[in-house]
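The values are calculated or read from the model by the stated rules, or taken from the named source; none is laboratory data. The model shown is predicted, which means the values in this text are computed figures rather than measured ones. Cβ sites come from the backbone with ideal geometry, for glycine too, and all protein chains shown count toward neighbours. Ligands, DNA and RNA are excluded from the accessible area calculation, which covers all protein heavy atoms including side chains. Shrake-Rupley method; radii C 1.70, N 1.55, O 1.52, S 1.80 Å.
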Amino acid sequence: MGAKISSKKLQPKTINELQHHIDVDFTKDEIQDWYKDFEKHLGEGETALSRTAFIKVYNSLFDGDASTFAGQVFRTFDVDNNNMVDFKEFILGLCMSGSTDPNVKLKWAFSMYDIDQNGYISQDEMNHILNAVCKMTNCRLPEEFTSIENMTKNIFNVLDKNSDNQISLEEFIEGAEKIQFVIDILQCDPAPDT
């Protein structure tokens, strides 16, 4: 299988549909370029990325092991829950995860942290995601934290306003502005370059 070179282009109707979606802010040429890159990672006769293929692509982008993190990103991109990410889901996921609108990006991040999708982030879920980010980026913890678990506890102390040991979407959005590290995690750049 492997990468293949294709001159296949998206239909203008598909590009138009994507451009008119509220969360998509790519030009026609950018969408076409993303499609060419997306298509390179498809196997013969495939039109969507499997979880395994998606994780492989994601792993190629980072020095560390992105497998765990990519699995969670895949879950948020796979809107129809069919265990495949088609091109439309891919573009929508890219636009949400890379949005310059803080509310859009924070809502996407919340859905990624909320692994069991119950509407709340638990300490275990946050530990899982933070561990995955650190493995993916080979980051160093900020000096004030001794471990991921310690960092999660401190984040919960700030975000969990009603002390119910879970973070709601509202608490997450309100509190994320107060903890720079949460914003840095969303950028996949948890430790500044030295």
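Under 9 Å by Cβ, and 6 or more places apart or on different chains, what pairs join a residue from segment 137-162 that is in contact (Cβ under 8 Å) with a residue 24 or more places away in the chain with one that is open to solvent by 100 Å² or more (accessible area, probe 1.4 Å) and part of a loop (DSSP other than H, G, I, E, B)?
Close Cβ pairs (under 9 Å, with a partner that is open to solvent by 100 Å² or more (accessible area, probe 1.4 Å) and part of a loop (DSSP other than H, G, I, E, B)) amount to T137/D63; N138/D63; R140/T194; M151/E144; F156/N165.
Taking only pairs six or more apart or across chains, which ones have beta-carbon atoms under 8 Å, a first residue in segment 80-96 that is over 16 Å from H41 (Cβ atoms), and a second residue that is open to solvent by 80 Å² or more (accessible area, probe 1.4 Å) and of a type in the set (A, V, I, L, M, F, W, C)?
Listed by first residue and then by second, the contacts come to L92/V79.
Residues in segment 70-82 that are under 20 Å from N131 (Cα atoms) and open to solvent by 40 Å² or more (accessible area, probe 1.4 Å): how many?
Keep residues of segment 70-82 that are under 20 Å from N131 (Cα atoms), which gives 70-76.
So of that shortlist, the ones also open to solvent by 40 Å² or more (accessible area, probe 1.4 Å) come out as 75.
So the answer is 1.
Give just the number: which of (1) in contact with a Lys or Arg (Cβ under 7 Å, 6 or more places away or on another chain); (2) closer than 30 Å to D25 by Cβ; (3) of a type in the set (A, V, I, L, M) does V158 not satisfy?
(2)
Residues V104, V85, V57: which one is under 26 Å from E174 (Cα atoms) and of a type in the set (A, V, I, L, M)? I'd like the intermediate steps shown before the answer.
Working: V85 fails: under 26 Å from E174 (Cα atoms); V57 fails: under 26 Å from E174 (Cα atoms).
So the residue among V104, V85, V57 that is under 26 Å from E174 (Cα atoms) and of a type in the set (A, V, I, L, M) is V104.
Within the bounds of segment 59-69, is there any residue that is assigned to a helix (DSSP H, G or I), farther than 25 Å from N150 by Cα and open to solvent by 10 Å² or more (accessible area, probe 1.4 Å)?
Yes - at least one qualifying residue is present in segment 59-69.
Is at least one residue of segment 19-26 open to solvent by less than 100 Å² (accessible area, probe 1.4 Å) and at pLDDT 80 or above?
Yes, segment 19-26 has at least one match.
For segment 83-131, name all the residues that are within 24 Å of P142 (Cα to Cα), open to solvent by 40 Å² or more (accessible area, probe 1.4 Å) and acidic (D, E).
Hit for segment 83-131 is D124, nothing else.
Need a quick list: helices (runs of 4 or more DSSP H) entirely within segment 108-194 having at least 3 residues that are at pLDDT 90 or above. Break it down into steps so the answer makes sense when it comes.
Values: elements: 123-137, 148-159, 169-176, 180-186.
In segment 108-194, the matching helices (runs of 4 or more DSSP H) lie at 123-137, 148-159, 169-176.
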